[in-house]
1. Distance between the C-alpha centers of region 40-82 and region 108-164? Whole Å please.
2. If you take the charge dipole of the chain about its Cα centre, with +1 on Lys and Arg Cβ and -1 on Asp and Glu Cβ, which of 138, 43, 29 is farthest toward its positive end?
3. Roughly how large, in nm² to one decimal, is the mean projection of the convex hull of the alpha-carbon atoms in region 11-74?
4. Using the structure shown, select from 9/133; 69/134; 9/124; 53/133 the pairs with a Cα to Cα distance greater than 26 angstrom.
5. Kindly write out, for region 4-20 in residue order, the coupling ³J(HN,Hα) from the Karplus curve 6.51 cos²θ - 1.76 cosθ + 1.60 (θ = phi - 60°), rounded to whole Hz, with x marking Gly and Pro.
6. What is the magnitude of the charge dipole of the chain about its Cα centre, with +1 placed on the Cβ of each Lys and Arg, -1 on the Cβ of each Asp and Glu, and no other charges, expressed in debye to the nearest 20?
7. What's the angle, to the nearest 10 degrees (0 to 90), between helix 106-123's Cα axis and the longest principal axis of the chain?
8. Per-residue counts of other Cβ atoms within 10 Å, averaged by peptide: what ranking do you get for 22-33, 141-152, highest first?
Amino acid sequence: MAGRALLFKLNFKNPWHLMAVGFGSGLAPKAPGTFGSLAAAPLCFLMLLFCSKPVIAAIALVVFILGCKACSEAEKAMGVHDHGGIVIDEFVGMFVTAMTVPSEHALLGTVTTFVLFRIFDILKPFPVSLADKKVAGGFGIMLDDVVAAVYALICNYLLFAFVF
């Protein structure tokens with residue numbers, strides 16, 4: 001069994017499985033990671049408007065911890081590591097990337113967060129590629145996106161410090 005067929009091994013009444021696929025956004029037939037990031041974008045926008053940076057960091061940490069468990073459960077059910085439909089890691093990546101955006105630039109910051117995070121998540125520069133290939137389990141699924149998000153966060157910070 002390959003590709004999308006593995007998603008049928010998940011039980012969407014199981015909250016861990018539902019969380020792993022980004023509450024359905026990872027079920028997109030093409031570019032599920034992009035759809036997962038798009039699903040996280042409105043949440044980033046709201047967090048940028050209404051939450052302090054420490055609260056955004058706390059939310060990212062909680063979702064990271066819960067995401068590790070959700071990814072492990074989905075991985076066990078599907079029998080493969082880091083299936084494309086698992087996108088809760090994209091949510092965390094978006095949240096981390098958004099942490100340096102000034103609240104007065106919430107809309108533009110949500111756009112830059114999406115674009116920058118997708119670039120680094122897709123390109124996987126070192127050490128993102130290392131985390132992607134060498135770290136197993138739910139923690140590994142989550143970790144490479146957090147490392148990609150750190151690159152994107154730095155770029156977001158520089159954009160808003162010197163350009164916008």
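1. Using only Cα atoms, the two centres lie 14 Å from each other.
2. Final value for the positive-end residue is 29.
3. Details: hull surface 18.1 nm².
Convex hull of Cα atoms, orientation-averaged projection: 4.5 nm².
4. Beyond 26 Å: 9/124; 53/133.
5. With coefficients 6.51, -1.76 and 1.60, one gets 4, 4, 5, 4, 6, 7, 7, 10, 6, 7, 7, x, 5, 5, 4, 5, 4 Hz.
6. On the way: 11 positive and 10 negative charges, 61 e Å.
Dipole magnitude for the chain comes out near 300 debye.
7. Orientation of helix 106-123: about 50 degrees from the principal axis.
8. Highest-to-lowest ranking by the protection proxy: 141-152, 22-33.
The values are calculated or read from the model by the stated rules, or taken from the named source; none is laboratory data. Given the structure is predicted, the values throughout are model-derived calculations rather than measurements. Note that we place each Cβ from the backbone using ideal geometry, even for glycine, and neighbour counts take in every protein chain shown. Heavy atoms of the whole protein, side chains included, go into the accessibility calculation; ligands, DNA and RNA do not. Shrake-Rupley method; radii C 1.70, N 1.55, O 1.52, S 1.80 Å.
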